[in-house]
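A quick write-up on the structure given underneath.
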Amino acid sequence: MDIYFWVFAVMAVGAGVFMISSKDPLPSALGLLTVFIALASLYLHLNAPLVAIFQVTIYAGAILVLVVFVIMLLMTPGERLGEVQRNVSYRIMGAILGLCATTLIGLGLKGVYDLVGERSLPEGFGSPNQFGELFFRNFLLHFEVASVLLLVALIGAIYIAKKKV
Amino acid sequence: MAKPVVEKKYTLGERIYLLEILKGMVLTWKHFVFNFMASFRSGPHTVPTTWQYPEDRREISPIFRGEHMQTLDDQGREKCIGCGMCAKICPAQCISIVKAKVPEDQQELYAGKTYSSSFNIDLLRCIFCGFCEEVCPTNAIVLGQGYELAEYRREGCQRDKARLIENFRLARESGKLKPQRKPVIVAEPKAKPAPEGGAQKDPGVQKVEQAKPKKAAAAKETT
Amino acid sequence: MDDWLIALIKVVFIWVWVLLIAVIMTWVERRGASMIQDRLGPNRAGPFGLLQPLADGIKLFTKEDIVPDKAKKILFSLGPILFALPAFSAYAVVPFGDKIVLGGKEIILQVSDINVGFLYVVALGSMAVYGIIVGGWASNNKYSILGGLRSTAQLISYEVPLGLALLAITLIYGTFSLREIALAQQGTFLGVFPNWGIFKQPLGFILFIVTAYAEANRVPFDLPEAESEIVSGYHTEYGSMRLGLYLFGEYVNLCTLSALIVTFYFGAWHLPYINMAAFLGPISYGIASFLVFFLKVSFFLWLFVWVRWTVPRFRYDQVMGLGWKALIPLALINLFITALAIQLTI
């Protein structure tokens, strides 16, 4: 057990708990930001700098900014999340979703562990070159399927937005 | 009449916008180079639009209304007769004046038969309207050219008679006196200066009187 | 241990250097502005007013530190730090010179040559917005919130063309490492041009410089702090050194962006047609490469000032329209053409 892992793991979990328990929307979003950055640091520790950078760029830099944008657009600074947090149906839904997610992640981790086992890293692991090779040679179909899925989501979003206008 | 809105057709070059920015930058560059060179030039007032203040002062008008001064006549006598009209007309009530008879042994110091034994101006209250100057029958009080009146203490902004006469001496030495605009009545001063000068038959006073109703009206407006 | 020491010296050196440039930039901005506007500007403190930043600094430090009553106290103090931190950290991957040989040891003039340096820069650029958002939100002031909102929307919109313009650069040089990109720009291209990014990516350069102005919140894209509309945007409620940190962070940001423009498009430390390494000694070459780099950087810093006092501010919808309707399609076309050209030439 190394210190590096524990520092950022505790940071991520602590910030996550803060995020769901915070009464104010913006500190909550900042808690999520801390989670993302702690996770990115863990990726760095796992010899995956590219994933770490993508984590920061995409999640912290783009998606969370959008979330914050919505918070700022729709809420006033004095407003609190108490109403939403007290809603029982939300709580039950969240519990079910969280349970499902945890189960999925656990199963996935076990699957990966069984498949790979413990072994030393290959030469140049985690570098952008190898990342690109894997993505666009070995897993091109998966990549394209994912991008088509995102495109469908985008078109769907535009359709829904257009109908209301 | 309202101006009709004209839809301007932009050319492609204008719509790309970068070329127009470059044009603007050439213009600002020209200004920059000119002023850059000017900042190295020695001497005051190297840049056309600004004055580098403490070194480089603007020419002010000869009829500028700045710090007051008490004038002396050609023989070096005080012109002020202590009539108190300036104190009365002053809309800010910043002048306080004490009138006294000229003692027998000091006749050569004062032009009139009476004089002001104390004459104080509170510059913190003064609004530099120039009414005191307009109303003065002997042209004794004049607003000069001094405008750097900031002080660290309140007391520094009080002007007594000595200081006002000193102002006049300095102005006279540097040739910054205003041209005279009113006839001066020194020869026959009134024994009893009335606020309403209607009873006087003196031609000089007559002229002052003509100017006066307007000023009185103006004073009423301001109060 | 030796390597640690060298790394530490490099970090401290570049940090102090950037701070110094940011300080001087406040003076350059004020005097440049005044000279463009037919004035002389602050010329009292020291020779040519060069001590003016010091006077400003003393003023900001000695002012009362006011936190508004209804503000969110913790977030309010967090804002300026969140803003300045990414600006400073971005310099970790910028190569500020080639290399210098001291005591038989070759030292690369770059704090850290990581293989994802390019993405690191983009990631940190997107982090800078949090400082503005947090500051705007915590101030509990409508103008501050408007400034924060505008800045969020603007940064999201301009992050995309920025990334796409840089992607075309990585396509050409085939690497994410900033040092390798800089090294690849030596020599000439097609026999005539210097082998610089701008000659291979003219459209990419324009896209990058426009988005760089938007990322730095500079005129003509200074909507987050538009004085004539929303007082002074996200830092309306700030005073004393917290405000100083915001202003400082802005200039450090400018410095970083100028360094990036030079690294990507203006051949980093290379002089056109002249190979400095051929006739300079190892130590003097290191110093010369550093100086050349910062000469180029200072030109772009000046360009930021120059454009600021030339161009009026865009309207908000114009900014958004330019970002989404002009820059992103252009960036995509640029990327496509670049990819096509590389495919055809290889």
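Structure above, values below:
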{"read-out": "Inter-label distance for residue A:46 and residue C:280, nm, one decimal - labels placed 7 Å from Cα along Cα-to-Cβ", "value": "4.4"}
{"read-out": "Rg/Rg_globular for region A:1-80, with Rg_globular taken as 2.2 N^0.38 Å and Rg from C-alpha atoms", "value": "1.19"}
{"read-out": "Sites residue B:38 and residue B:59, calculated FRET efficiency, Cβ-Cβ separation with R0 22 Å, nearest 0.05", "value": "0.65"}
{"read-out": "Charged-residue dipole, Cβ positions (Lys, Arg, Asp, Glu), chain C about Cα centre, Debye nearest 20", "value": "400"}
{"read-out": "Longest to shortest principal axis, alpha-carbon extents of region A:86-165, angstrom", "value": "53, 32, 18"}
{"read-out": "Listed residue pairs exceeding 27 Å between alpha carbons, taken from B:30/C:325; C:99/C:296; A:23/C:59", "value": "B:30/C:325; A:23/C:59"}
{"read-out": "HN-Hα J in Hz across region C:222-238 - Karplus 6.51, -1.76, 1.60, θ = phi - 60°, x for Gly and Pro", "value": "8, 4, x, 10, 3, 5, 7, 10, 10, 6, 9, x, 5, 9, 4, 8, 8"}
{"read-out": "Gaussian network model of chain C, Cα within-10 Å springs - most flexible of C:240, C:139, C:177", "value": "C:240"}
{"read-out": "Top of A:25, A:128, A:49 by mean-square fluctuation, Gaussian network on chain A, Cα under 10 Å", "value": "A:128"}
{"read-out": "P(r) of the protein assembly as shown over all Cα-Cα pairs, binned every 20 Å from zero, in whole percent", "value": "13, 35, 25, 16, 10, 2, 0"}
{"read-out": "Computed over region B:7-124: relative contact order in percent, which uses C-alpha pairs under 8 Å that are six or more apart", "value": "16"}
{"read-out": "Cα coordinate range in chain C, projected on the principal axes (Å, largest first)", "value": "61, 49, 47"}
{"read-out": "Cα-based equivalent ellipsoid of region C:155-220: semi-axis lengths in Å, sorted from largest, via gyration tensor", "value": "24, 13, 10"}
{"read-out": "Rounded accessible area of residue C:54 (nearest 10 Å², 1.4 Å probe)", "value": "110"}
{"read-out": "Semi-axes of the equivalent ellipsoid for region C:1-83, Cα gyration tensor, largest first, Å", "value": "29, 26, 12"}
{"read-out": "Under 5 Å, built H, 5+ apart or other chain: amide partners of residue C:271", "value": "C:276"}
{"read-out": "Summed buried accessible area for C+B [probe radius 1.4 Å, Å², rounded to 100]", "value": "1700"}
{"read-out": "Estimated translational D of region C:206-265 in µm²/s (Stokes, Kirkwood radius over Cα pairs; 10 °C; 1.306 mPa s)", "value": "128"}
{"read-out": "Long-range amide H partners of residue B:117 with built H, under 5 Å", "value": "B:98, B:99, B:100"}
{"read-out": "Kirkwood hydrodynamic radius of region C:84-153, from inverse mean 1/r over distinct Cα pairs, in Å", "value": "14.4"}
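The values are calculated or read from the model by the stated rules, or taken from the named source; none is laboratory data. Remember, predicted model here, so these are calculated numbers, not experimental data. All Cβ positions, glycine included, derive from the backbone under ideal geometry; neighbour counts span all protein chains shown. Surface areas here come from the heavy atoms of the whole protein model, side chains and all, with no ligands, DNA or RNA. Shrake-Rupley method; radii C 1.70, N 1.55, O 1.52, S 1.80 Å.
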